[in-house]
Amino acid sequence: YKDLAVIFSFYVGNEYGLFPIVPITNEVRDKIGISRNELTVLAYYNTKSLFSYSIKPFCSNKCLSKAKRLSLGEDLDSIPIYVLSSEFNRFGSVFLLYPNILHEIANTLAKDFYIIPASINELFIVPSVVDVDIDLVLEMHNKSKFNYGDGDYLSSNVYYFDSSCNEIILERLI
């Protein structure tokens, strides 16, 4: 999707959340006898039913530890930042595939917004307001690379959600 890869997996769930157990490679997909388009459509509806989204203020104790916040930058209190993830705080990046959910968030914020993929589990949402220092946000994004393992890091790019056309735009290459 856009400049990102989409990985399909079979999941197992319990009271702690959903966990990928088997990646669906092209070989597995062929053995199942399903086309890539069919798998994409099935995954789109299945994932949407399995993962409900959660959006919280970045500074919330429930979102990030104080140590993690401080490691990302002291000036963050001046920027309205939210963390978008699933109810299980896992695989939040999947919501990039659902423009209707992003549009709902834009309506709630009453603003279009920047999307900073912090990891496969969390997206930072920064409302598009005049006084936001986007360079500070980009610096935070660069620092976030060091707080996530290689398997969790998603992208070096920043995106913009334009609610007027319900589209994600590649805003900046970092």
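The values are calculated or read from the model by the stated rules, or taken from the named source; none is laboratory data. Bear in mind that the values here come from a model prediction, so they are computed numbers and not experimental data. Backbone-built Cβ (ideal geometry, glycine too); neighbour counts: all protein chains shown. When the accessible area is computed, the model is the full protein with side chains, heavy atoms only, and any ligands, DNA or RNA have been set aside. Shrake-Rupley method; radii C 1.70, N 1.55, O 1.52, S 1.80 Å.
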Among all residue pairs at least 6 apart or on different chains, which show Cβ distances below 7 Å where the first residue, located in the range 150-174, is part of a strand (DSSP E or B) and the second is at pLDDT below 70 and surrounded by 15 or more Cβ atoms within 10 Å (Cβ to Cβ)?
158/138; 158/141; 158/172; 172/138
Taking the range 78-97 and keeping residues in contact with a helix residue (DSSP H, G or I) (Cβ under 9 Å, 6 or more places away or on another chain), within 16 Å of residue 9 (Cβ to Cβ) and surrounded by fewer than 21 Cβ atoms within 10 Å (Cβ to Cβ) leaves 97
Pair list, Cβ < 8 Å and 6+ apart or interchain, from the range 31-48 residues that are among the β-branched types (Val, Ile, Thr) to residues that are assigned to a helix (DSSP H, G or I) and surrounded by 12 or more Cβ atoms within 10 Å (Cβ to Cβ):
34/42; 47/94; 47/97
If only one of 31, 111 is at pLDDT 80 or above, part of a loop (DSSP other than H, G, I, E, B) and open to solvent by 50 Å² or more (accessible area, probe 1.4 Å), which one is it?
111
Does any residue of the range 9-16 turn out to be at pLDDT 70 or above, of a type in the set (Val, Ile, Thr), surrounded by fewer than 12 Cβ atoms within 10 Å (Cβ to Cβ) and under 19 Å from the mean Cα position of the chain (by Cα)?
no
What is the residue count in the range 34-60 for residues that are open to solvent by less than 50 Å² (accessible area, probe 1.4 Å), assigned to a loop (DSSP other than H, G, I, E, B) and within 18 Å of residue 121 (Cβ to Cβ)?
3
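Of all residues in the range 79-106, how many are acidic (Asp, Glu) and under 13 Å from the mean Cα position of the chain (by Cα)?
At the first step, the residues of the range 79-106 found to be acidic (Asp, Glu) are 87, 104.
Those still in the list that are under 13 Å from the mean Cα position of the chain (by Cα) too: 87.
Looking only at that region, the number is 1.
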Of all residues in the range 121-137 being in contact with a Pro (Cβ under 8 Å, 6 or more places away or on another chain) and at pLDDT below 85, which is least open to solvent (accessible area, probe 1.4 Å)?
132
